Every structure is written in structure tokens, then in C-alpha cells.
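So the structure is just underneath, and the comments pick up after that.
The values are calculated or read from the model by the stated rules, or taken from the named source; none is laboratory data. Keep in mind it's a predicted model, so treat the numbers as computed, not measured. Note that we place each Cβ from the backbone using ideal geometry, even for glycine, and neighbour counts take in every protein chain shown. Quick note on the areas: whole protein, heavy atoms, side chains included, nothing else; ligands and nucleic acids left out. Shrake-Rupley method; radii C 1.70, N 1.55, O 1.52, S 1.80 Å.
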Amino acid sequence: MSQNTLSNPRIDDPDDFYASLIALHNGLTTEQSQSLNSKLILLMANHIGDRAVLDEMLSAVETDSPQG
Amino acid sequence: MRGVRQIYPFTRPPELDTDKRTRVPVIIVGAGPIGMAMGLDLDLQGIPNIILDDDNKVSIGSRAICWAKRALEVVDRLGCGERMLDKGVTWNLGKVFFGDRKDPVYGFNMLEEEEQQFPGFINLQQYYAEEYLIDEIDKRELTSIRWENEVTAVSQGDEGATLSVSTPEGKYQIDCDYVVAADGARSPLRKMLGFDFGGETFQDHFLIADIKMKAEFPAERWFWFDPPFNRGQSALLHKQPDDVWRLDFQLGWDIDREEELKSEKVSERIHAMLGDDFEFDFEWVSIYTFQCRRMDRFVHDRIIFTGDAAHLVSPFGARGANSGLQDVDNLGWKLALILQGKAPARLLESYNDERIAAAKENILNSTRATDFITPKSEVSRIFRDATLELADEFEFARRFVNSGRLSIPTILDDSTLNTEDHDSFDSKLVPGSPAIDAPVKINGKESWFLKSIGNNFTGVYFARQGANAPEGAAQLEHDDIPVNTLVVSDMDVAGSGLLLDHKGLLKQRLDGQPGTYYLFRPDQHVVARWREFDSQAVRDAVARATMQAH
Ligand SMILES: Cc1cc2nc3c(=O)[nH]c(=O)nc-3n(C[C@H](O)[C@H](O)[C@H](O)COP(=O)(O)OP(=O)(O)OC[C@H]3O[C@@H](n4cnc5c(N)ncnc54)[C@H](O)[C@@H]3O)c2cc1C
């Protein structure tokens, strides 16, 4: 895996998926949204399964400091 | 209350009446489960030792109840395993409940393979285990306990160590070659010597109530996250012998300790959990905060730390006494070989390395469980609850649920004492694994494999035909560090030391094709194995496992 593989576009009709993702959160409190996001992350992580890929994603989004 | 437990009388030590200094090979400080097990192991190894304890009774508070399979196997080698098994409540199943759901979201089984002498776990009050150890010590020649003998100072030099001991009738000093510190989590010895004990204390309180009641719950470990009777917190229910049950309520960080300990308040909690119309008596109630800590090194020249004195874990996972007993298992034979002049003192480094690796593993598991049970941040809590909600529907999420990963033995696969495999084996065991049990017959009598190995280096040979040991095996029995060879056969032929593998399970579990030879350490761990017996290879493996210079 490389940065490229992570960044290659793979989803058809991105606007539509993005809208569905946001729509999921309609009317939710921040806490409910966080809960939903957590479930989504866990489901997606399990689907990906490959620990090397997951680790690469973790480091791709890791920030240096809480402010960063 | 806890029945009445015995008081062990102080007897005046001879040192108080003479100027002659006593010297013993090993002095053990602390008659908790770990110190007493150490005394028994050294006795089996022929090493005289004295156990000093500042108190005169067994541990009666709410302490260990869950004894894991490997710990039971160790204690069985020391002579008390069957008594613990007979008295204890056997269990293998754990269930996890969440919120208002009636059905568990997750269940686990601690016994992966049936047909072993000991189950995944038994529950037994720590005071029973300690009493059995005391009874066994009373039967032995080379170990004894001195009650109300408090160690107040320790010093060491090139030749050994000296302890200052305070008793109700006066003080004395005593010399030894080695000190085993088994003086518990607050280890006065560790403090006297100024050694650090790094780690963390978790910001949470747990109310532990041992109660006596007649109840029909099964002998399983039941754990609740966020149950209706303890909203936002966790709870645990566990069965002990004598109709005693352990209830464990998470309370949170900001609590009024005194208020929480009032018996009306505790009763209220218990009734909310188990229903209104039943009766119970309190055995013991206390509030705990939990910690995960360990020393940087366990071996400091002549002073060796074991058990809670060396490492401390939160109880989720029952890795406290269970890992301490594995310290004993690891240390006994090494100390004996050193004291007999058969191995160099640096063999103790392997105790340090192997048991620090184990302590790290236990602390990691215990910390992760504690973080799941008591999330440290809002996000961590949200993920935790999300995991539990998913667990209902999605099997994968159940595996994230962590209510304590229960004690399983550490595999010492990184140990330098091991001889690497050159042949291939289709077995769960690797060099560094504790042996796995299996039913066998010896002289027509049903027995267990683990009862036939241990205390010495033992070779286990899967016979090609009949009951013949491989040529050259007999000579190994006369080496400085002897190796006795047991022959395993699935045919009922006469032969001394023959293990009849009547169910074929030993062969299966060890991948014991004919001709295979396993070498086990005195603590029953695999140290080397071959498809062909070669006495020189065995001697080299023993030399490596005992750090002999070549
Ligand atoms: C609530 C709770 C639940 C637990 N549940 C489990 C469980 O289910 N399974 C499990 O495996 N573990 C469990 N543990 C952990 C277990 O109780 C300990 O790991 C175990 O007692 C450690 O044994 P030890 O011999 O190292 O120390 P201790 O049992 O603390 O014994 C130390 C001994 O040293 C003596 N001593 C201290 N200072 C001196 C001195 N200066 N001179 C002479 N003697 C001295 C003390 O009197 C004591 O007898 C639990 C602990 C708690 C608190």
C-alpha cells in the first residue's frame, strides 16, 4: 500500500455518497453523530480487515499534536 | 462473616537465644500465595528455605477468587492442585451483558481443549488456597513459615544477603544466599531498597461484595456494561464455594467512600441487581482502586522479586496471583541449579527477562481491559458503547468487547533458553510454551501427562515400536543435570516409565510422530524438540537452557 493507493478515487458518483453520509447525521446531536461515526468506523475497519492497510490509514489521519 | 479462620501461632525463633548466626540458602519474605508456593517449590528441589511473614493469618479480605488452569497446574506440581480443584467451583464460560438486553451480547469459553486435568478456571477464595499451601508446607522437611516475623531491613554483598527481623519477643539477624521478596503490592523490601514501581492508578472505584446466598445462577462469569441496576457503570457476578458469591460494582471516581460502604447502601445495590425477595449475609465488603505497575528489574543480585511485589495488575483478567505462581514456576529450578553449583548465577537473568516479558503482557491486557471498562475520554466511551451496540447484531464486534482477557500462560517463545526448531511440527506448542495436558495411563492406572513431567529436565519420546527408549537416552540420567526420558506409546506394552497414550491425545497435541523427542524444562515448558533423538543435541539444549559456558 502507498499513499497513492489510499488516495486513488474509487467511489462512483462521489457527490451522491457524500450526501448520503451527511444525511445520516440529519437531526442528530453531536453525541449521536459521534456514536454513529464510531459504528461506521468499526464496520468499515472490519470490512477492510488487513491490518497493514488499517495502520496506514491510522497514520494518514494522525495529527502531530492536539492543535495540529 | 468468613467462618472463623485460624490464627497461626508465633514460635520463638532459635536465633533469639544464641549469638550464632543462622545461614539458610533462601529466605522468602511474605507468606502470601506466592511466597508459600516458592517455599514448596524450593523444598521439592531440595533447597532449605524459611518463609518470614509479619502477620499470623491468611488473607481474609476480598482477594483472588479466579485460579487459572496454568496456575492450578503449577500448584498441582507443588502438591495442592487437587485440593483446590475439589473445593473450587469449576467454570469455563463467561457471558457479557449490555444495557437492558436480556441476552448476553458475547460469550467465551476458557477451555479450548477438553480432556485435561484442570479446567479453564476454578473459583476459590484466596484464604482456602493459602490454607492448603500452609498444610502442605507443614508436611515438608525443608520449608517452614515463621509467623509474626517482620523483616525490617535488608542488605546484600557478594556472598549473600542479611535480613533484620522483628518479632514479638525480640529482634534477630539472619543470613542467606538469596532473598526472594514476595512481600506483596506494598513491598516493604522494594521500598527499603529504593526501587521504583512505575505504572498507573486508574481513576475509578470498585465496590467488591462477597455475600452468602442460596441462588440458582450458573457457575459462569457474568459481566454487565451499563446495566439498569448500575447505570453508566459495570458489574460482575461470580460464584464461589460455600454459597458465596462475588459481586463487583463499578462506582466511578467521585464517590463518598464511607457512604458507599454503609450496609444499607450496599444492600440496596444488591437488591437492585438480584431482586427484592431473597436473603443474604455479608462476608466481606471493600472498595478498591486498581493499578498496573511493575519494577524495571525483578532480579537485583541476591534479592529477587516475585508476585505482587514485582508487578501489579487490575483484577480484570485475574492475572495477579495467576502470574505470580508462574514466577515461582520459573524461578524455583533456576535458583536450585545455581545453589547446587550446576548453573551460573547469570541464569537468573533469564528469570528476569522471561517474567518481565510476562508482566508486560499481563499489564498490557489488564490495562486494555480497564480502559474498555473505564474509558478515559469521551471518544473512548462513545467507541466502547458503539462496540457494544454493534455486538448485538454483528459477530465481529463481539471480539472487541473487553471485560477482561482472562489469564492464559505466557509463552516464552523469545527466551534465549530455547533451542530453535529445525524440524517442523503441527502442534500449538512451540519452544517456550508450557506443556499441554492429556490423559495417559501409567502401569494400568489413569493419570495425566503433566503429572509425569516437571521438577527436572524430562525427555518425552514417542516410541517407534514397543516401549524402548532411544539408544543413549539412559546415559543422560547420569549427567550433572540429569534428563529422564519417558516413553510414550499407544500400545499397552510393559515397560518402566511408559506412558500409555490410550486416547491418542498426547500424540495429537504434541504432533508426536514415532521417533519424536520433546525436552521439557523443570517448569514443564518445552525447551527443544526433534524428530530424531540425538543425545548430543539434548545435552546441548540442556546446556543452553541452563546457560552453561561452552
Ligand atoms: C479485589 C481483588 C481481586 C483479585 N482477584 C484475583 C483473581 O481472581 N485471580 C488472581 O490471580 N489474582 C487476583 N487478585 C490478586 C491477588 O490477590 C494477588 O496477586 C496475590 O495475593 C499476590 O500474592 P503475593 O503472595 O505476591 O502477595 P500478598 O498476597 O500480598 O502477600 C504478601 C505477604 O507478605 C507479608 N509481608 C509484607 N511485608 C512484610 C514484611 N516486612 N516482613 C514479612 N512479611 C511481610 C504480608 O503479610 C503478606 O502475607 C485480586 C486482588 C484483589 C485486590
**Study point:** From the options B:Ala545, B:Ala528, residue that is over 26 Å from B:Glu113 (Cα atoms) and crowded, with 22+ Cβ neighbours inside 10 Å
**Key:** B:Ala545
Exercise for review: Considering only the stretch A:1-61, give the helices (runs of 4 or more DSSP H) lying wholly within it that have at least 3 residues that are open to solvent by 80 Å² or more (accessible area, probe 1.4 Å) and free of Cβ contacts under 8 Å to residues at least 40 places away in the same chain.
Suggested key: A:14-23, A:30-48, A:51-61
Review point. Of the residues in the stretch B:174-190, how many are within 14 Å of the ligand (Cβ to nearest atom) and touching a Ser or Thr at 6+ places or on another chain (Cβ under 7 Å)?
Key: 4
Review point. Could you say which residue among B:Leu111, B:Leu193, B:Leu142 is away from chain A (no Cβ under 14 Å), within 15 Å of the ligand (Cβ to nearest atom) and not charged (D, E, K, R)?
Key: B:Leu193
Point to revise | Residue identified as at pLDDT 95 or above and under 16 Å from B:Tyr132 (Cα atoms) among B:Pro25, B:Pro9, B:Pro33, B:Pro13 | key: B:Pro33
Exercise for review: Give the stretch B:49-64 a look and list any residue that's outside any strand (DSSP E or B) and open to solvent by less than 10 Å² (accessible area, probe 1.4 Å), or say none.
Suggested key: B:Val58, B:Ser62
Practice item. Select from the stretch B:196-217 the residues that are farther than 26 Å from B:Gly232 by Cα and within 16 Å of the ligand (Cβ to nearest atom) and list them in ascending order. Key: B:Phe197, B:Gly199
Check your understanding: Residue check: is B:Pro431 within 16 Å of the ligand (Cβ to nearest atom) and either aliphatic (A, V, I, L, M) or away from chain A (no Cβ under 14 Å) (or both)?
Key -> no
Exercise for review: For B:Gly459, work out the one condition from (1) assigned to a strand (DSSP E or B); (2) in contact with a Lys or Arg (Cβ under 9 Å, 6 or more places away or on another chain); (3) under 23 Å from B:Leu337 (Cβ atoms) it doesn't fulfil.
Suggested key: (2)
Practice item. Among the numbered conditions (1) open to solvent by 40 Å² or more (accessible area, probe 1.4 Å); (2) more than 15 Å from B:Phe282 (Cα to Cα), tell me where B:Glu220 comes up short. Key: (1)
Study note, to complete from the structure: Taking the stretch B:320-362 and keeping only residues that are touching a Pro at 6+ places or on another chain (Cβ under 9 Å) and away from the ligand (no atom under 16 Å from the Cβ), one is left with B:Trp333, B:Lys334, B:Leu335, B:Ala336, B:Leu337, B:Ile338, B:Leu339
Point to revise | Evaluation of B:Leu364 against (1) of a type in the set (A, V, I, L, M, F, W, C); (2) within 14 Å of another protein chain (Cβ to nearest Cβ); (3) surrounded by fewer than 15 Cβ atoms within 10 Å (Cβ to Cβ) (one fails), failing number | key: (2)
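Results for (1) free of Cβ contacts under 8 Å to residues at least 40 places away in the same chain; (2) surrounded by 22 or more Cβ atoms within 10 Å (Cβ to Cβ); (3) touching a strand residue (DSSP E or B) at 6+ places or on another chain (Cβ under 7 Å), shown as yes or no for each residue.
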position	(1), (2), (3)
B:Thr143	no, yes, yes
B:Ala153	yes, no, yes
B:Asp158	yes, no, no
B:Ala161	no, no, yes
Review point. Of all residues in the stretch B:374-397 being away from every other protein chain (no Cβ under 11 Å) and of a type outside the set (Gly, Ala, Ser), which is surrounded by the fewest Cβ atoms within 10 Å (Cβ to Cβ)?
Key: B:Lys376
Review point. Going by the structure shown, is B:Arg231 of a type in the set (Lys, Arg) and exposed (fewer than 15 other Cβ atoms within 10 Å of the Cβ)?
Key: yes
**Study point:** Residues that are farther than 17 Å from B:Asn456 by Cα and among the β-branched types (Val, Ile, Thr), drawn from the stretch B:515-545
**Key:** B:Thr516
Point to revise | Boolean, B:Leu331 is touching a strand residue (DSSP E or B) at 6+ places or on another chain (Cβ under 7 Å) and within 14 Å of another protein chain (Cβ to nearest Cβ) | key: no
Review point. Taking the stretch B:39-74 only, how many residues are in contact with a Ser or Thr (Cβ under 7 Å, 6 or more places away or on another chain) and under 27 Å from B:Asp177 (Cα atoms)?
Key: 7
Exercise for review: Determine whether B:Gly94 is within 27 Å of B:Glu395 (Cα to Cα), at pLDDT 90 or above and within 15 Å of the ligand (Cβ to nearest atom).
Suggested key: yes
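Per-residue answers, yes or no, for (1) free of Cβ contacts under 8 Å to residues at least 40 places away in the same chain; (2) more than 14 Å from chain A (Cβ to nearest Cβ); (3) closer than 21 Å to B:Pro522 by Cα; (4) within 9 Å of the ligand (Cβ to nearest atom):
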{"residue": "B:Leu16", "(1), (2), (3), (4)": "no, yes, no, no"}
{"residue": "B:Lys20", "(1), (2), (3), (4)": "yes, yes, no, no"}
{"residue": "B:Arg23", "(1), (2), (3), (4)": "no, yes, no, no"}
{"residue": "B:Val26", "(1), (2), (3), (4)": "no, yes, yes, no"}
{"residue": "B:Val29", "(1), (2), (3), (4)": "no, yes, no, yes"}
{"residue": "B:Asp41", "(1), (2), (3), (4)": "no, yes, yes, no"}
{"residue": "B:Pro48", "(1), (2), (3), (4)": "no, yes, yes, no"}
{"residue": "B:Asp53", "(1), (2), (3), (4)": "no, yes, no, yes"}
{"residue": "B:Ile60", "(1), (2), (3), (4)": "no, yes, no, no"}
